[in-house]
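Data block below; observations after.
Each reported figure results from applying straightforward, stated rules to the coordinates on display, with no laboratory input. As the structure is a computational prediction, the values presented were derived from the model and not from experiment. Heads up, the Cβs are rebuilt from the backbone with ideal geometry, glycines too, and the neighbour counts pull from every protein chain shown.
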Amino acid sequence: MIKLILTCEACPEQYDAYDGDKLVGYLRLRHGAFAVQCPDVKGECIYSAYPEGDGAFIDDAERDYYLRFAVAAILKWQGGVVSLPPPPNVEFELIRT
């Protein structure tokens, strides 16, 4: 199980990710851009997104949503099997040209 440790609450909101005692990721939300780097701050960017929050997530629901994708990306980076959350329940029409 990946353990996330909040290292800064805002501007930027950031976390260190650990698998046991081993640092495996760095997560940061700054200026509206959320990024996950592995195995640390100088590592490869393996996930990015643009939540509503700027220097911090707007609420716990947004935080939970993006942290789940972040942990899934870390597990995938580690070579593990990942089960992503279900996609949003939305309707759309696909038109092929």
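Quick look at the values:
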{"item": "Of all residues in segment 46-73 being of a type in the set (D, E, K, R) and exposed (fewer than 13 other Cβ atoms within 10 Å of the Cβ), the one that is nearest to PRO87 (Cα to Cα)", "result": "ARG68"}
{"item": "Any hit, segment 25-40, residues being in contact (Cβ under 8 Å) with a residue 40 or more places away in the chain, surrounded by 15 or more Cβ atoms within 10 Å (Cβ to Cβ) and touching a Pro at 6+ places or on another chain (Cβ under 9 Å)", "result": "yes"}
{"item": "Which numbered condition GLY43 misses (of (1) surrounded by fewer than 18 Cβ atoms within 10 Å (Cβ to Cβ); (2) touching a Pro at 6+ places or on another chain (Cβ under 9 Å))", "result": "(2)"}
{"item": "Of all residues making up segment 15-24, the number that are surrounded by fewer than 19 Cβ atoms within 10 Å (Cβ to Cβ) and under 13 Å from the mean Cα position of the chain (by Cα)", "result": "1"}
{"item": "Checklist (1) loosely packed, with under 11 Cβ neighbours inside 10 Å; (2) under 15 Å from the mean Cα position of the chain (by Cα); (3) among the β-branched types (Val, Ile, Thr) applied to ILE2, failing item", "result": "(1)"}
{"item": "Exclusive hit being without any contact (Cβ under 8 Å) to a residue 40 or more places away in the chain and of a type outside the set (Asp, Glu), set ALA70, ALA17, ALA56, ALA49", "result": "ALA49"}
{"item": "Residue in segment 7-14 that is under 14 Å from ALA72 (Cα atoms), under 13 Å from the mean Cα position of the chain (by Cα) and either crowded, with 16+ Cβ neighbours inside 10 Å or touching a residue at least 12 places away in the same chain (Cβ under 8 Å) (or both) present", "result": "no"}
